[in-house]
1. Restricting the first residue to the stretch 87-103 and requiring it to be free of Cβ contacts under 8 Å to residues at least 60 places away in the same chain, which pairs with a second residue that is of a type in the set (Val, Ile, Thr) and not in a strand (DSSP E or B) meet a Cβ separation below 9 Å and a spacing of at least six or different chains?
2. Could you say whether any residue in the stretch 74-90 is of a type outside the set (Asp, Glu), over 15 Å from the mean Cα position of the chain (by Cα) and at positive phi?
3. Can you list residue pairs whose Cβ atoms sit under 8 Å apart, with the first residue in the stretch 258-271 being touching a residue at least 60 places away in the same chain (Cβ under 8 Å) and the second being exposed (fewer than 13 other Cβ atoms within 10 Å of the Cβ) and of a type in the set (Val, Ile, Thr)? Count only pairs 6 or more apart in sequence or on different chains.
4. Would you say SER264 is within 16 Å of ALA177 (Cβ to Cβ), polar (S, T, N, Q) and either at pLDDT 95 or above or in a loop (DSSP other than H, G, I, E, B) (or both)?
5. If a residue counts only when it is surrounded by 22 or more Cβ atoms within 10 Å (Cβ to Cβ), which strands (runs of 3 or more DSSP E) contained entirely in the stretch 139-257 have at least 2 such residues?
6. Is it the case that the stretch 43-66 has a residue that's farther than 26 Å from ALA178 by Cα and among the aromatic types (Phe, Trp, Tyr)?
7. Is one or more of the residues making up the stretch 113-132 crowded, with 21+ Cβ neighbours inside 10 Å, within 16 Å of ILE16 (Cα to Cα) and polar (S, T, N, Q)?
8. Quick one: count up the residues across the stretch 81-121 that are hydrophobic (A, V, I, L, M, F, W, C), closer than 17 Å to LEU5 by Cβ and part of a loop (DSSP other than H, G, I, E, B).
Amino acid sequence: MDSVLECLPRGSRIAILRLRSLGDCVLTTPALDILKRFRPDLRLAIFVENRFREIFEGNPDLAEIHAPELAALRRFRPQLCLNLHGGTRSAWMTELSGARYRAGFGHYRQQFVYNVQIPRAQEILHVDRTVHTAEHLASAIFFLGAPICEIPGAKLVPGGAAPLTIEPKAAIIHAIAATPEKTWAAGNFLALADHLAQSGLSPVFIGAPGDDLAPFRRYRTLQTSLSEVKRLLAGAALFAGNDSGPAHMAAAFGLPCVVIFGPSDPAIWGPWRTSGEVAASTGGIADVTVTQVLSAMQRLRVPA
């Protein structure tokens, strides 16, 4: 029996519902790459919250970027609506999309919405292990008909004519996280920055406009847009930070990454397709030591 992708006429429109969040958006890009390489004739549109739109700007695999609004989805007239988000909002958008094929994973709620139900990634990939988020999302494309292949790294495109090089040998540090249990102590990050500075690197602490970077002001701080963060990471030498979205952005640019983990599973959320190390402790993120992180950097052959 022909697959969904084989049944789509040439030039068909595919709507991908992503909505949020930062790390998920970054790790969706390998799936887009696989889909576009298999069917370069397809017109792909991503539906994502405006605060994450910049992640997809400049991506050559996408023809359109839209806010997650039903009216925009209906105007796009997709032949296939692929829900990679799985929440209630994306479910009803899928149901009302007007698409002939409405695809979502089998573990999503509101299963009646989907006439194409995607099984577990382990079943698609023929593995019996925990899969990375990038593998999970890419498995949907394989199920729809693309041949199983090596899943590429994430794809981010920096805006502007050149990378943003505000410091020579910039070591980008992201000391912010969504919850306390995912946040390494500020004093630890400062000790790490001291070591990096003594080794000839230039620590730069980054954050969103609303983040509190006051504890790190003795070093360069940058609170800016995701587009500017992309430009900064494109020209940086190193990334270190909490398990959060910017870590996935850094991995997309191939930076050596040390990511400090709390309760999340590194097998699911660790650095994808880059030279990466995870620092974690069974006692939680508070038990991760500066020495542990510096040792991880040494294994990456980063001076620290």
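1. Taking only residues 6 or more apart or on different chains, the pairs are ALA91/VAL113; TRP92/VAL113; GLU95/VAL113; ARG102/THR94; ARG102/VAL113.
2. Narrowing the stretch 74-90 to residues of a type outside the set (Asp, Glu): 74-90.
After this cut, where a residue has to be over 15 Å from the mean Cα position of the chain (by Cα) as well, the list is 74-83, 86-90.
Keeping just the survivors that are at positive phi gives 77, 86.
Yes, the conditions are met somewhere in the stretch 74-90.
3. Pairs found: GLY262/THR179.
4. The answer is yes for SER264.
5. On the way: elements: 170-174, 202-207, 220-223, 238-242.
Output list reads 170-174, 202-207, 238-242.
6. For the stretch 43-66, residues farther than 26 Å from ALA178 by Cα and among the aromatic types (Phe, Trp, Tyr): absent.
7. The answer is no; no qualifying residue exists.
8. Final tally of qualifying residues: 2.
The values are calculated or read from the model by the stated rules, or taken from the named source; none is laboratory data. Since the model is a prediction, treat every value here as computed from it, not as a measurement. Cβ coordinates were reconstructed from backbone atoms using ideal geometry, including for glycine residues, and neighbour counts include every protein chain displayed.
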